[in-house]
Amino acid sequence: MSSIVEKDYQSQKIKLDTWKVIFKIALNYKGAYARVLGCGILAGIVDLCMSFMTMWAIDGFMSPGTTKNLPLYIVAIVGLQALLCLTTLLMVRACGYLESNLSSDVRREAFYKLQTMSFSYFDKTAVGFLISRLTNDVSRIMEMISWMGIDLSWGTMAIIASLIAMFAVNLKLALITIVCVPILAIVSVLFQKKILKYQRQTRKYNSMITSSFNEGITGAQTTKTLVREELNNQDFFTLTGNMKRASLRAALISAVYLPVASIIISIAIGFVLIQGGHDVMKSVITVGQLNFFINIGNMMFEPIRHFAGIFAEFQSSQAAAERVVEVLTATSDIVDTPEVIEKYGDSFNPKRENWEPIKGDVEFRNVSFWYKENEPVLKNFNLKVKAGENIALVGATGGGKTTIVNLVCRFYEPCEGEILIDGVNVKERSQLWLQSSLGYVLQTPHLFSGTIRENIRYGRLDATDEEVENAAMMVGAHDFIRSMEKGYDTEAGEGGSNMSTGQKQLISFARAILADPKIFVLDEATSAIDTESEMKIQAAAEVLLKNRTSFIIAHRLSTIRNADRILVIDEGEVIEEGSHRQLMRKKGHYYELYMNQFRNEQFTKSLEAL
Ligand SMILES: Nc1ncnc2c1ncn2[C@@H]1O[C@H](COP(=O)(O)OP(=O)(O)OP(=O)(O)O)[C@@H](O)[C@H]1O
Ligand SMILES: [Mg+2]
């Protein structure tokens, strides 16, 4: 299971601030809401007219036993039914329109937001939960706020119109009928709350199941190597079992609710019948009027049930709404200042004409950095790199090498001190200015779904096919790509799953060289590649390093022998630096590391030879 636990949103109280954000988005569709409200009000009135029509049928035709005015009655009934059909159609159409538009708006907004977030945000948020938020939670909230317009307008109108009509027809029977309203409302709210509590649990487990699937798929290899299948299955079965129980409970309570509500209404109708029956016999009211009250009792029940449902749904959606709003209102730890955006533009609207060309000088000035407070990774770190210099970072795992290059790339910002590029604090330039001059080949290179050609072209979108192939040739990827069945048009597979790590790295190199970055970073895969690929990668790296400032993190020290300067990093500090030769002569840490690796390699080779 994920090590990052979803924040537990237990709050049941409706918080207006959360809903304000959501309603603000909904307000973009005032027209559609107005249509829903208008139709709802009309439908409520039509409903009431229908009850009057029945009263008319009983008192006008059945009791006197005449068919006078029957054609008029038929026309009116058909007309009303047609009106009801039309309003329902318009309402459903408007709500469907609202739901699809609102969901897609929110998803777009969230996607946009996620693209602008810094790495630290993703450190704290698990992917499965994010996916669940942007799918389940968004659907749920948007469905609710799109469709509630019908219940609110139709229901309110039905209740108001019924009350007025009841009091107009007969005061005593009206009073008897409305006594059951508050009782029904309270019972409904209590039941709906319980139902939603279990529905909410169901959704929570559902979101955990999504997350488990995500981990099960992305971690399939690890699962197998750790022989965790059985344990994972057990965890998963517990989750699905919990979900099943919660949804059965919700269904059970729903099943009890309807008969209970019917009993309350039946009791009220019983009283209406006793009183009304006497009145009919005394000819105070007509049979039609009595029937009208019985109908109204039933008619008012529906809106009350819906209102209780909406109230409970709001309450129980509070958590989902908070989660969605949190994504929508999240702010990146790394943001360009307004002045910087004014001059250089932002990620989506860059003002390239104002960008100064990058030379490639990099300087760390008294930089301290930590991912978690009180656990410093770098303390007062200083480093000066001249444009075009090739720097290699080596050292024990967890020493801070990746952290250093992540800071150069401004994926994170120093907690103290500053990083200067070409003598200017990076914060004074836009993120895109720096990142569009950066080439970064990751420890685990990522390929997007799409063809190999498209993947290389990500480096520079306006590159021609020839340029793409040239880039691949320069890094020695051309041959293996050509030998594939569809050549450059081979699908890379989501995340590059159809290729070996070495191949993915070569493609990333081609992508990087196409972008022609001024600063190049290579965070080398530890030992995922064979010697042949390693030699190819080494050759490719050499092409890439020329005339560029570069930071190479190498685990195989043979890769970095030609670096201008090698820095041995330990616990966030440079404990040794110099060229390969100087360091070897010094017989210090680097020498130790190198000799150890050399001996291990020799040992492996001699074992292989046996
Ligand atoms: N995203 C993160 N959140 C919290 N701590 C982190 C994060 N990334 C790295 N660390 C911690 O920071 C320290 C330095 O990590 P870093 O990844 O920079 O090491 P490294 O030298 O690149 O190691 P390796 O050789 O294994 O790649 C480690 O103690 C690590 O646990
Ligand atoms: Mg690393």
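The values are calculated or read from the model by the stated rules, or taken from the named source; none is laboratory data. No experiment lies behind these values; they were computed from the predicted model shown. Cβ: placed from backbone, ideal geometry, glycine included. Neighbour counts: every protein chain shown.
The set of residues in the range 556-610 that are in contact with a helix residue (DSSP H, G or I) (Cβ under 6 Å, 6 or more places away or on another chain) and acidic (D, E) contains only E576. Within the range 520-539, the set of residues being modelled with pLDDT of 75 or more and either within 16 Å of ligand 1 (Cβ to nearest atom) or of a type in the set (A, V, I, L, M) (or both) comprises V521, L522, D523, M535, A539. Considered as a group, the residues in the range 356-399 that are within 9 Å of ligand 1 (Cβ to nearest atom) and at positive phi include one that is surrounded by the fewest Cβ atoms within 10 Å (Cβ to Cβ), and that residue is G398. Among the residues of the range 155-169, none qualifies, meaning not one is out of contact with any Pro (no Cβ under 7 Å at 6 or more places or on another chain) and either closer than 21 Å to V21 by Cα or charged (D, E, K, R) (or both).
With respect to R108, is the statement that it is of a type in the set (D, E, K, R), within 16 Å of W154 (Cβ to Cβ) and surrounded by fewer than 17 Cβ atoms within 10 Å (Cβ to Cβ) true? For R108, the condition - of a type in the set (D, E, K, R), within 16 Å of W154 (Cβ to Cβ) and surrounded by fewer than 17 Cβ atoms within 10 Å (Cβ to Cβ) - is not met. For the residues E302, E322, E230, the requirement of being under 31 Å from the mean Cα position of the chain (by Cα) and in contact (Cβ under 8 Å) with a residue 24 or more places away in the chain singles out E322.
Quick one: would you say L328 is in a helix (DSSP H, G or I) and hydrophobic (A, V, I, L, M, F, W, C)? Yes; evaluated as a whole, the condition is true for this residue. Restricting to the range 70-123, count the residues that are more than 17 Å from V21 (Cα to Cα), assigned to a helix (DSSP H, G or I) and small (G, A, S). Counting residues in the range 70-123 that are more than 17 Å from V21 (Cα to Cα), assigned to a helix (DSSP H, G or I) and small (G, A, S) gives 7. Being surrounded by fewer than 16 Cβ atoms within 10 Å (Cβ to Cβ), in the same structural domain as K194 (by TED's automatic domain parsing) and more than 30 Å from F369 (Cα to Cα) is the requirement here; does A308 meet it? When the stated conditions are applied, A308 does not pass them. Taking the criterion of being within 16 Å of ligand 2 (Cβ to nearest atom) and in contact with a Pro (Cβ under 9 Å, 6 or more places away or on another chain), the only residue of the range 413-467 that qualifies is Y440. Here I452 passes the criteria (1) hydrophobic (A, V, I, L, M, F, W, C); (2) modelled with pLDDT of 85 or more; (3) within 30 Å of Y412 (Cβ to Cβ) except the one numbered (3).
Look at the range 434-452: where a residue is among the hydrophobic types (A, V, I, L, M, F, W, C) and a partner is part of a loop (DSSP other than H, G, I, E, B) and modelled with pLDDT of 85 or more, sitting 6+ places away or on another chain with Cβ atoms under 6 Å, you get L434/R410; L438/C409; L438/P517; I452/T490. Among the residues of the range 30-71, the ones that are surrounded by fewer than 15 Cβ atoms within 10 Å (Cβ to Cβ) and among the polar types (S, T, N, Q) come to 4 in all. Determine if the range 251-266 includes at least one residue that is in contact with a Leu (Cβ under 7 Å, 6 or more places away or on another chain) and small (G, A, S). Within the range 251-266 (the criterion being in contact with a Leu (Cβ under 7 Å, 6 or more places away or on another chain) and small (G, A, S)), the answer is yes, since at least one residue qualifies.
Looking at G388, G400, G417, just one residue is at pLDDT 90 or above, more than 26 Å from R460 (Cα to Cα) and over 33 Å from the mean Cα position of the chain (by Cα), and that residue is G417.
Each residue in the range 276-293 was checked for being surrounded by fewer than 20 Cβ atoms within 10 Å (Cβ to Cβ) and aliphatic (A, V, I, L, M), and 4 of them qualify.
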